[in-house]
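Beneath this line is the structure, given in structure tokens, with notes to follow.
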Amino acid sequence: MALNSFADFGEMHKSVLQEICNMGAGNAATSLSEMISSPTDISTPQVKVLPTAEAGKIADLLSSGTEAFLVKLNCDMQGAVLFIFPYAFIERLAGTFFPDVSVKSKGDANEMVMSVVRETVNICAAAYANNFSIMTGMTVDISVPESVTAPSGEIAAINGGAANACFVNNAITINDCGKAFNILFFPELKTIQDFMGRIGIEC
């Protein structure tokens with residue numbers, strides 16, 4: 001089936017995107033594990049195609065009460081990756097470097113804590129995006145992470161006004177405490193068309 005819009009996204013397209021993002025999340029989890037000296041685990045990625053407004057609302061809802069960062073993908077791969085860090089996860093993360101730190105809300109996340117968070121986003125985003133480059137030969141560049149509270153507007157802009165959006169949701173857990181964060185990947189349609197073509201899937 002021709003992939004003229006995300007409404008045409010079939011099970012094969014979803015399975016391929018799910019597997020690639022699973023490997024990307026695995027790379028990010030490995031990088032995090034090395035950073036904090038603790039095993040990590042990843043969830044089975046969920047691939048959804050929804051009206052763009054609904055996809056944006058989900059991103060806004062998941063981002064509420066967290067520290068969320070949007071990383072834009074450029075060059076051959078166009079889209080964005082949203083990193084959603086609940087404060088319980090940030091507390092465990094920051095505790096690796098600052099023993100006895102307490103991070104229960106935004107007011108507790110001082111500049112030292114946030115520097116650890118931003119560096120974690122950079123490391124995980126690079127590991128996640130690099131997987132696409134390795135698998136397809138696509139050149140992928142990542143932006144500086146941007147702190148966001150309601151990413152729906154950015155997602156709508158990335159999607160170019162299309163009626164539907166596709167996104168993939170992964171969760172990464174630190175095994176020694178059960179604290180997790182989410183990675184949401186929102187690709188542009190043209191990028192997925194190119195991506196599928198490069199690995200031999202007809203679009």
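The values are calculated or read from the model by the stated rules, or taken from the named source; none is laboratory data. What you are looking at is a predicted structure, and each value in this text was computed from that prediction instead of being measured. Glycine also receives a Cβ, built like all others from the backbone with ideal geometry; neighbour counts cover every protein chain displayed. Keep in mind that these areas ignore ligands, DNA and RNA; they rest on the heavy atoms of the full protein, side chains included. Shrake-Rupley method; radii C 1.70, N 1.55, O 1.52, S 1.80 Å.
Listed by position, the helices (runs of 4 or more DSSP H) contained in region 85-203 that have at least 3 residues being open to solvent by less than 20 Å² (accessible area, probe 1.4 Å) are 87-95, 111-136, 189-198.
Among the residues of region 65-87, those identified as over 23 Å from E188 (Cβ atoms) and at pLDDT 95 or above are T66, E67, F85, P86, Y87. Number of residues in region 1-29 that are part of a helix (DSSP H, G or I), in contact with a helix residue (DSSP H, G or I) (Cβ under 7 Å, 6 or more places away or on another chain) and open to solvent by 50 Å² or more (accessible area, probe 1.4 Å): the value is 2.
Close contacts from region 91-114, counting a first residue that is under 13 Å from C177 (Cβ atoms) and a second that is open to solvent by 70 Å² or more (accessible area, probe 1.4 Å) and not aliphatic (A, V, I, L, M), with Cβ to Cβ under 7 Å and a gap of 6+ residues or different chains, come to R92/K179.
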